[in-house]
1. Is there any pair linking a residue in region 121-134 that is at negative phi and among the hydroxyl-bearing types (Ser, Thr, Tyr) to one that is away from ligand 1 (no atom under 14 Å from the Cβ) and assigned to a loop (DSSP other than H, G, I, E, B), with Cβ under 8 Å and at least six apart or on different chains, and which?
2. Got a sec? Which of 130, 119, 146 is away from ligand 2 (no atom under 16 Å from the Cβ) and hydroxyl-bearing (Ser, Thr, Tyr)?
3. Could you check, for region 148-161, whether at least one of its residues is touching a strand residue (DSSP E or B) at 6+ places or on another chain (Cβ under 7 Å), in contact (Cβ under 8 Å) with a residue 60 or more places away in the chain and more than 16 Å from ligand 1 (Cβ to nearest atom)?
4. Count, please, the residues in region 199-225 that happen to be more than 20 Å from the chain's Cα centre (by Cα) and either among the basic types (Lys, Arg) or more than 15 Å from ligand 1 (Cβ to nearest atom) (or both).
5. Would you check if residue 74 is of a type in the set (Ser, Thr, Tyr), in contact with a strand residue (DSSP E or B) (Cβ under 8 Å, 6 or more places away or on another chain) and modelled with pLDDT of 95 or more?
6. Which pairs turn up if I take residues in region 62-83 that are assigned to a strand (DSSP E or B) and look for partners that are buried (at least 18 other Cβ atoms within 10 Å of the Cβ) and polar (S, T, N, Q) with beta carbon separation below 8 Å, at least 6 apart in sequence or on another chain?
7. Please identify the pairs in which a residue from region 91-105 that is in a strand (DSSP E or B) has its Cβ atom under 7 Å from the Cβ atom of a residue that is buried (at least 24 other Cβ atoms within 10 Å of the Cβ) and of a type in the set (Ser, Thr, Tyr), counting only partners at least 6 apart or on another chain.
8. Just to verify a result, which residue in region 177-212, among those that are under 16 Å from residue 74 (Cβ atoms) and of a type in the set (Phe, Trp, Tyr), is nearest to ligand 2 (Cβ to nearest atom)?
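The values are calculated or read from the model by the stated rules, or taken from the named source; none is laboratory data. Remember, predicted model here, so these are calculated numbers, not experimental data. Neighbour counts run over all protein chains shown; Cβ positions are idealised from the backbone, glycine included.
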Amino acid sequence: MDISVVIPLYNEAESLPELAAWIARVMAENGFSYEIIFVDDGSTDKSWEVVKKLRDADPDHVHGASFRRNYGKSPALNTGFRMASGDVVITMDADLQDSPDEIPELYRMVREEGYDLVSGYKKKRYDPLSKTIPTKLFNATARRVSGIHNLHDFNCGLKAYRSAVVKHIEVYGDMHRYTPYLAKLAGFGKIGEKVVQHRARKYGKTKFGLDRFVNGYLDLATLWFTGKFGKKPMHFFGLLGSLMFFLGFIAVAIVGGMKLYHLYSGAPYILVTDSPYFYLSLVLMILGSQLFLAGFVGELVVRNSPKRNEYEIEETLEP
Ligand code: UDP
Ligand code: MG
C-alpha cells in the first residue's frame, strides 16, 4: 500500500465527511493505493458514528479505532501509527485546516527525495495572533534544542513519514509536537519541510489553549534530557554535583582559613557563622550530595530498565 493517512480526532463530527471525500478524490486522481485511519480520541459528539458510516460506505479504505475516553492527540497518533501499513504515513488534523491536496507532493518527497520525515510549514496561517506570536518563539527554541535547524513549524499536524519511522518512534504524553525530534533521536536524520496551505477552522473549535506553550517547553526539556542523558543520568547529575561540591570546598577553605588566620595572627575573635561563606558552603555541599544521590538513583533506574540495551539497528551482517 502506498499511503496511510492517520487522522486523530476529538469532537470533529461535522468535518469528517468532507475530509474523507476530499482525501478519496486526491488519492483517486493520483492513482494511489491508500487507507484512512481515523482515531477517535474519546469524542463526546457523533464523531465515531460518522466514522462508522464512512467505513460502511468504503470498507476498503476507511479504518479506525476509538478510545473509550479522551487521552490526547499523541496517544491517538501513536495508535494510528501502530495500525498503519502504508509505505508512507501521513498525519493530518481532522478539522479541515490541513489540505489533502498536499498529499501527493509529500509522498513524492519521501519516496523520491528520500526524506525520513517531511513536516508541513504553515507559512501563511489563519489563526489568531495570540497563537502565532508565541508559536514563533516556541519554534525558535525547539530548533535550537533539537538541533533540527531547518524546521519552522514543529507543531504542524500535517506531516509525512517513511513507514520505518512511525514503527520506531513512540509518541506519548504531548510529544506529538516533537515527532521530528523523536525521529532524529531514533536515528532518522533526513528531515525536510514543505510549505503547506493552511485554512481557518470551518467547524468546531480548537482543543488546545495557551497552556500548550508551557507544556511544550516542559516536554522539550524532557526530550533534551532523556535524549542526551537518558542512558547515563550520572553524567548529568554527577557533573552538576561535582561542581557544587567543588564550590562548597572552596567556601569551606575560605571559612577555615579566615578562622585560623584570626586565631593565630591575634586579630579579633570571630565565629565561623559570622562569615557568609559558611552558609554558602552548607548549601553547596548539601545540594552537591543531593545531586549525586539523584544521579545514583537514576543509574539504578536505568540499570533495571528493559530498554537499557535497545538500540536502533539499521542493518546487520550475520555470519
Ligand atoms: N485532537 C485529538 N485529541 C485531543 C485534542 C485534539 O485527537 O485531545 C485532534 C483534533 O481533533 C484535531 C487535531 O488533534 O484533529 C488538532 O487539534 P486542533 O485543531 O484543536 O489544534 P490546533 O489546530 O488549534 O493546533
Ligand atoms: Mg486545528
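1. If the second residue must be away from ligand 1 (no atom under 14 Å from the Cβ) and assigned to a loop (DSSP other than H, G, I, E, B), the pairs left are 121/151; 121/152.
2. On the way: 130 fails: away from ligand 2 (no atom under 16 Å from the Cβ); 119 fails: away from ligand 2 (no atom under 16 Å from the Cβ).
From the options 130, 119, 146, the qualifying one is 146.
3. Yes, the conditions are met somewhere in region 148-161.
4. Restricting attention to region 199-225, the residues satisfying the condition of being more than 20 Å from the chain's Cα centre (by Cα) are 199-205.
Adding the requirement that they be either among the basic types (Lys, Arg) or more than 15 Å from ligand 1 (Cβ to nearest atom) (or both) leaves 199, 201-202, 205.
Counting residues in region 199-225 that are more than 20 Å from the chain's Cα centre (by Cα) and either among the basic types (Lys, Arg) or more than 15 Å from ligand 1 (Cβ to nearest atom) (or both) gives 4.
5. Values: of a type in the set (Ser, Thr, Tyr): yes; in contact with a strand residue (DSSP E or B) (Cβ under 8 Å, 6 or more places away or on another chain): no; modelled with pLDDT of 95 or more: yes.
It is false that residue 74 is of a type in the set (Ser, Thr, Tyr), in contact with a strand residue (DSSP E or B) (Cβ under 8 Å, 6 or more places away or on another chain) and modelled with pLDDT of 95 or more.
6. Correct list of pairs: 65/79; 66/43.
7. Between residues of region 91-105 that are in a strand (DSSP E or B) and residues that are buried (at least 24 other Cβ atoms within 10 Å of the Cβ) and of a type in the set (Ser, Thr, Tyr), there is no close pair.
8. The initial filter retains those residues of region 177-212 that are under 16 Å from residue 74 (Cβ atoms), namely 177-183, 185-186, 207-208, 211-212.
The next check asks that each one be of a type in the set (Phe, Trp, Tyr); those that pass are 178, 181, 208.
Details: 178: 18, 181: 21, 208: 8 Å.
Result: 208.
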